[in-house]
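> Next up is a structure, given as structure tokens.
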């Protein structure tokens, strides 16, 4: 089975030293991967790649952005959230048997005659890692009480002085 052309493939042959910016627009269905075939990633996905090429290496800064259609884990209300992920990959020109640890995922060794780099898998993983582990809506007070206290301010003074917060403060003072 032959290798198919990557979705996010950048030609590096003939690039001079400098900074290059690339923008790719695609859909999750363009990836041949069941993890991205979920209905929550049905909107357009945008990937920006900034390559910084020097004589000895290439640094690729990847940023993915999309609007995901999620549902609240508590009340199942539909939500739209902007997902943004960032990742950096270092490509070093050298011999395949290099000092770089083979388990280091951010570093890759390239032959000097390499024509292009395929960032499809890196973009896919960045997109998957940008998905939240837990999704809670902020419009519903029943759900928003599970949010971190830094995420929202109390609506009024009575909310700030609720009985359960006072009893929690007493317990905290008792054991400190």
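> Taking other Cβ within 10 Å of each residue's Cβ, how do 87, 22 sort, fewest first?
22, 87
> For each of 79, 129, count neighbouring Cβ atoms within 10 Å of the residue's Cβ, then give the residues from fewest to most. Numbers along the way, then the final one.
On the way: 79 18, 129 12.
Neighbour counts put them in this order, fewest first: 129, 79.
> Neighbour counts of other C-beta atoms within 10 Å: give me 123, 117 arranged from fewest to most.
Neighbour counts put them in this order, fewest first: 117, 123.
Every read-out reported here was derived from the displayed coordinates using simple, explicitly stated rules and does not represent laboratory data. Bear in mind that the values here come from a model prediction, so they are computed numbers and not experimental data. Virtual Cβ from ideal backbone geometry, glycine too; neighbours counted across all protein chains shown.
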